[in-house]
Amino acid sequence: MNRIKEILRRVLIGAFWIGIWWAIAKVVGLPKLLPGPGETALAFARLCGTEAFWRSVGMTLLRVALGYGCAVVGGVLLAVACHQVKGAEMLLSPLRTVIRATPVSSFILLVWLWLKRGHVPVFISFLMVLPIIWTATQEALGAVDGDLREMARMYRFSRWKKIRYLYAPSVRPAFLAACMTGLGFAWKSGIAAEVIALTPDSVGKHLSDAKNYLEYPDLFAWTLTVILLSMALEACLKALARKRKGEGK
Amino acid sequence: MIRLSHVSVGYPDKKVLENLSLIFPDSGAVALMAPSGYGKTTLLRVLAGLKTIEAGELSGLENKKISFLFQEDRLLPWVSAEKNVELVSDSEKARHWLKQMEIPDARQLPHEMSGGMRRRVALARAMAFGGDVLLLDEPFKGLDEALRERVASHIRDVYPLTILSVHDSAEAELMGAKIVRLDS
């Protein structure tokens, strides 16, 4: 019963905002420049029927996933290095500061000169997520309970046992929160990179084309695709985190 | 024999043990007794190798395997009571000691247990670890009198040497321990 109520609540909230969108589009009265939900849905349905749509969505997902995956692995490795190796933090932290302070558009324009168009979104997604995972994991490693660390030492836990039963569960909540935040960043920055680099077979390229040819219903439909994919990815990651938490017991 | 000669230990703001000389036998049970703040826990930590001495000498613990029941339970909160004990021994020993400590459901997570039960799980872990010396910091904390007696009957004489910190002589008697007063 509660589940039905929850679904109903969400549907009503969604309907409310779609209603606002519809009303604004109606008042403006220029469906070519500000399409309403109906025009956007039609454009979306038309795009879904094309092979180019699915190829572009697939390739964008692949690029973002690649950059994101590398950033997660790289972020954890850098966090462990900074936590464990004396001097590593001092040596590596300027890199983190530079990545954080530099606007994403500057990076896109810079790497556009050096990398193939298809590789730019991968690298940009990687670069935007890396400091998020790195910082969160390093801070969580530093906050592992000192009493439990001493206990593990006293009871001669092997390195593997320490990682599996002490460090991983301690770091997990902060790490998963960072993964969730990072996913949004990877997705948005990856598509921004595709738009600027005009990456072939990409959602970003189609967004750019729709804007250039003033095909605003298509622009809205591609944006809707990005939002739906982002929500689906986040749901997948949340489900995965819940499953892992359940297995942890 | 474990020998402490003119040992001094302290923290940045305060000296806890000063010029302490003590000899522990190779076997039996010794109870350290003193009011709070006299360094019972610090001495146990020195013996466990977790606290460095500032002056004096400590000998007789080389190559000895030491099991330590900390003053706090220090159980891993994300695994069951059984897993907490298994991690320092094996499943057979873990089951044996959890049964001895009267843990009714060892599949529970520590936060699902009462304070007394958590203490007994921590005790089961210290017992299952095995070794030459058992250090117990306030082992009966949170246990009622009847339970103290039953727990003590199971844990005494298992390790060659047991050194424990207690608040009153009754706890030392339960373990058949010789009392050493740190405040005299």
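The values are calculated or read from the model by the stated rules, or taken from the named source; none is laboratory data. Remember, it's a predicted structure, so these values are computed and weren't measured experimentally. Cβ coordinates were reconstructed from backbone atoms using ideal geometry, including for glycine residues, and neighbour counts include every protein chain displayed. Just the protein is used for accessible areas: all its heavy atoms, side chains included, with ligands, DNA and RNA removed. Shrake-Rupley method; radii C 1.70, N 1.55, O 1.52, S 1.80 Å.
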Entries in A:Lys243/B:Lys99; B:Lys93/B:Lys141; A:Lys32/A:Lys116 that, when Cα-Cα distance is taken, lie over 27 Å: A:Lys243/B:Lys99; A:Lys32/A:Lys116
Eligible lysines near B:Lys14 by straight Cα distance, threshold 18 Å, same-chain separation 8 or greater: B:Lys40, B:Lys51
Estimated vicinal HN-Hα couplings, Hz - region B:8-18 in sequence order (Karplus 6.51, -1.76, 1.60; Gly, Pro = x): 10, 9, x, 10, x, 8, 7, 8, 9, 10, 10
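Determine the share of region A:40-248's accessible area contributed by carbon and sulfur atoms, expressed in whole percent, with a 1.4 angstrom probe.
68
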Cα pair distances in the protein assembly as shown, grouped into 20 Å bins until the bin that holds the longest one, percent each: 20, 36, 24, 16, 3
Gaussian network model of chain B, springs between alpha carbon atoms under 10 Å - residue of B:Val133, B:Val158, B:Val166 with greatest fluctuation: B:Val158
Degrees separating the helix A:51-84 axis from the principal Cα axis of chain A, which is the longest one: 20
Percent accessible area from carbon and sulfur atoms, chain B, protein chains only, probe 1.4 Å: 46
Environment charge of B:Met113, counting only residues whose C-beta is closer than 10 Å and scoring Lys/Arg +1, Asp/Glu -1: 0
Beta bridges by DSSP in the protein assembly as shown, antiparallel share as percent, to the nearest 5: 35
Global form of region A:61-121, assessed from the alpha-carbon gyration tensor, a/c cut-off 1.5: oblate
Largest to smallest principal axis extent of the C-alpha atoms in region B:52-181, angstrom: 45, 32, 25
10 Å binning of all Cα-Cα separations within region B:74-130, expressed as whole percents from 0 upward: 30, 63, 6
Helix axis angle, B:145-155 relative to chain B longest principal axis, alpha carbon, degrees: 80
Local electrostatic count, B:Gly10, Cβ distance below 9 Å [Lys/Arg +1, Asp/Glu -1]: -1
Tilt relative to chain A, helix A:88-101 - C-alpha long axis, 0 to 90 degrees, to 10: 10
Where the protein assembly as shown is the region considered: accessible area per residue in Å², 1.4 Å probe: 53
Of B:Leu47, B:Leu98, B:Leu20, the one that fluctuates the most in a GNM where chain B has Cα springs shorter than 10 Å: B:Leu20
Of the GluC sites (Glu not before Pro) in region B:1-77, those whose Cβ has at most 13 other Cβ within 10 Å and which sit in DSSP loop: B:Glu54, B:Glu62
Estimated buried accessible area (total), pair A and B, 1.4 Å, Å² to nearest 100: 1900
Average Cα contact separation per residue, region A:181-249, under 8 Å, 6 or more apart, as relative contact order %: 23
Max mean-square fluctuation residue, GNM over chain A, Cα-Cα springs under 10 Å, options A:Val72, A:Val85, A:Val129: A:Val85
Compactness of region A:15-168 - radius of gyration and Dmax, Cα, Å: 23.5, 74
Inter-label distance for A:Leu61 and A:Lys116, nm, one decimal - labels placed 7 Å from Cα along Cα-to-Cβ: 2.2
Drop in accessible area of at least 20 Å² in the complex versus isolated chain, residues of region A:118-161, 1.4 Å probe: A:Asp147, A:Leu148, A:Glu150, A:Met151, A:Arg153, A:Met154, A:Tyr155, A:Arg156, A:Phe157, A:Lys161
Counted charge near B:Phe129, where neighbours are those whose Cβ lies closer than 12 Å (Asp, Glu -1; Lys, Arg +1): +1
Prolate/oblate/rounded label for region A:1-89 (Cα gyration tensor, a/c 1.5): prolate
